[in-house]
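Colleague: This is the structure I have questions about; it appears just below.
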Amino acid sequence: MEPYLLLVQALRSALFLALIFAFTAQNAALCEEPKVKIPTRPPASAKPSRAPAFVEDVLLVMPQRDADAKEVTEIFKDIHGEVLETIGEGELTCYVIKVEKGKLLECEHKLAKDKHFSAVQRDYVFQAN
């Protein structure tokens, strides 16, 4: 029976070594960092980015909470602005203002610096794909 026991022991040792080899090979594969190919140029389907379009000579203006409505109206008159529309109410009022042709940038900077307004921006136009 001794040869039989030697054969069983040899098979156990071989199985044990095979399991160790399989386990270490699997762990080594899991530890490797994935190889990522970094593109060197954008794909041909990528469109060049461009500045978003906006409505000419129109600003969206939101006054401060405590801003007096009469003072706000006077400021709009000073920049020769016309209120086209009022969006919202109370503290969330936003005015759509049409300014003189060609004076958009100047009026935008002037209103942005004024303490009566919390937000001033152009009326951007976006479209869904």
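The values are calculated or read from the model by the stated rules, or taken from the named source; none is laboratory data. Note that the structure is a prediction, hence the values are computed from the model and not measured. We place every Cβ from the backbone using ideal geometry, glycine too, and count neighbours over all the protein chains shown.
Colleague: Suppose the filter is touching a Leu at 6+ places or on another chain (Cβ under 7 Å), among the aromatic types (F, W, Y) and at pLDDT 90 or above; does F76 pass it?
Modeller: Judged against the criteria, F76 is not a match.
Colleague: Go through the stretch 86-121 and give me each residue that's part of a helix (DSSP H, G or I) and either more than 15 Å from I75 (Cβ to Cβ) or aliphatic (A, V, I, L, M) (or both).
Modeller: G90, E91, L92, L104, L105, L111, A112
Colleague: Restricting attention to the stretch 62-69, does a residue exist that is assigned to a strand (DSSP E or B) and at pLDDT 90 or above?
Modeller: There is at least one residue in the stretch 62-69 that is assigned to a strand (DSSP E or B) and at pLDDT 90 or above.
Colleague: Another question, if that's okay. Under 7 Å between Cβ atoms, at least 6 apart or on separate chains: pull out the pairs that start in the stretch 84-99 with a residue that is closer than 16 Å to A67 by Cα and end on any residue that is surrounded by 11 or more Cβ atoms within 10 Å (Cβ to Cβ) and among the polar types (S, T, N, Q).
Modeller: Final answer for the pair search is T86/T93.
Colleague: Still on this structure, I have one more. Consider K77 carefully, then state whether it is of a type outside the set (S, T, Y) and assigned to a helix (DSSP H, G or I).
Modeller: Yes: the conditions hold for K77.
Colleague: List the residue pairs whose Cβ atoms are under 8 Å apart, where the first residue sits in the stretch 105-127 and is within 18 Å of V55 (Cα to Cα), the second is buried (at least 16 other Cβ atoms within 10 Å of the Cβ) and of a type in the set (D, E), and the two are 6 or more positions apart or on different chains.
Modeller: What qualifies is V120/E108; Q121/E108; R122/E108.
Colleague: Something else about it: Just checking, does the stretch 64-72 include any residue being surrounded by 10 or more Cβ atoms within 10 Å (Cβ to Cβ), out of contact with any Pro (no Cβ under 8 Å at 6 or more places or on another chain), under 13 Å from L104 (Cβ atoms) and not acidic (D, E)?
Modeller: no
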